[in-house]
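*Asks:* Dropping a structure here in structure tokens format, bear with me for questions.
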Amino acid sequence: MAQARAEQAKLASEKAQPAAVSLPAVQRWSRAKMWGMALFRPSLATYEKIARDSNTGGWAAYFWVFISGIVGSLFIFIGQLLFSLLGFSTSTANPLSGSLGLTLIGVPIVAVVSTLCFGLSTAVTQFAARLLGGSGTQAKMAYVTSAYLAPLIFVVSLLSIIPIVGFLAVLLYIYGIGLLVIAVKAVNRFSWRRAIASVAVIVGLGGLAVGVLAVVVIGLLYFPSS
């Protein structure tokens, strides 16, 4: 009798408890979808989702930028080689087109330099963002930036070998700056004004570096040391 009452009380308590609500798991995007969304359908919500997924990224950002540098350099080499065989001249000379041996050596060097510049630029950008009150990290900044930069390298490499549309590479560079502003805001969760200021730092430093390099090259070409 007592056991029956205990079972009835147990059943009554189970009915009184609300049923557990199963929340749907947050679906992570595939690499291809993430790249497509980041490059072709950019929005603050998209970049914030990528930032949330960055905890599983690790060194993936640097790996994909490195691979993009290799594939992009090969695109340029093969494309300009085909144009040369067909009798067309490209808009710019390819420094890797001297021989196959130089290409095999030069392509990974270009990829390594591109990856190092990527790491340095994201570090400087995130440092500026932290000074302006940002709450993100350099690893998260690198992951979100690579989501659009890796496919952008492919697109720019393809366009740069076509003489007629080569100028679009410059427009894509400006487009990339805009995407970087969205990435900085998504990672650091502050105002658009601070995001633009953070990006202005790295753009300004990049312009200064290019200017200094141009002065050095001109000096070596026109004022060689005796």
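*Asks:* Looking at I177, I182, I153, I202 in this structure, which one is in a helix (DSSP H, G or I), in contact with a helix residue (DSSP H, G or I) (Cβ under 8 Å, 6 or more places away or on another chain) and at pLDDT 95 or above?
*Replies:* Being in a helix (DSSP H, G or I), in contact with a helix residue (DSSP H, G or I) (Cβ under 8 Å, 6 or more places away or on another chain) and at pLDDT 95 or above holds for just one of I177, I182, I153, I202, which is I182.
*Asks:* A follow-up question, please. Provide a single number: the residues in the range 163-188 that are surrounded by 16 or more Cβ atoms within 10 Å (Cβ to Cβ) and in contact (Cβ under 8 Å) with a residue 24 or more places away in the chain.
*Replies:* Qualifying residue count, the range 163-188: 10.
*Asks:* Scanning for something surrounded by fewer than 17 Cβ atoms within 10 Å (Cβ to Cβ), modelled with pLDDT of 75 or more and either among the small types (G, A, S) or not in a helix (DSSP H, G or I) (or both), does the range 53-73 turn up at least one residue?
*Replies:* Within the range 53-73 (the criterion being surrounded by fewer than 17 Cβ atoms within 10 Å (Cβ to Cβ), modelled with pLDDT of 75 or more and either among the small types (G, A, S) or not in a helix (DSSP H, G or I) (or both)), the answer is yes, since at least one residue qualifies.
*Asks:* Report whether or not A142 is modelled with pLDDT of 85 or more, surrounded by fewer than 17 Cβ atoms within 10 Å (Cβ to Cβ), out of contact with any Lys or Arg (no Cβ under 8 Å at 6 or more places or on another chain) and over 23 Å from G79 (Cβ atoms). I'd like the intermediate steps shown before the answer.
*Replies:* Working: modelled with pLDDT of 85 or more: yes; surrounded by fewer than 17 Cβ atoms within 10 Å (Cβ to Cβ): no; out of contact with any Lys or Arg (no Cβ under 8 Å at 6 or more places or on another chain): yes; over 23 Å from G79 (Cβ atoms): yes.
So A142 does not fit the description; no.
*Asks:* Please state which one of L179, L171 is over 16 Å from the mean Cα position of the chain (by Cα), farther than 14 Å from R130 by Cα and aliphatic (A, V, I, L, M).
*Replies:* Criteria check complete, one pass: L171.
The values are calculated or read from the model by the stated rules, or taken from the named source; none is laboratory data. None of these values were measured; they are calculated from a predicted model. A quick note on method: Cβ atoms are made from the backbone with ideal geometry, for glycine too, and the neighbour counts reach across all protein chains shown.
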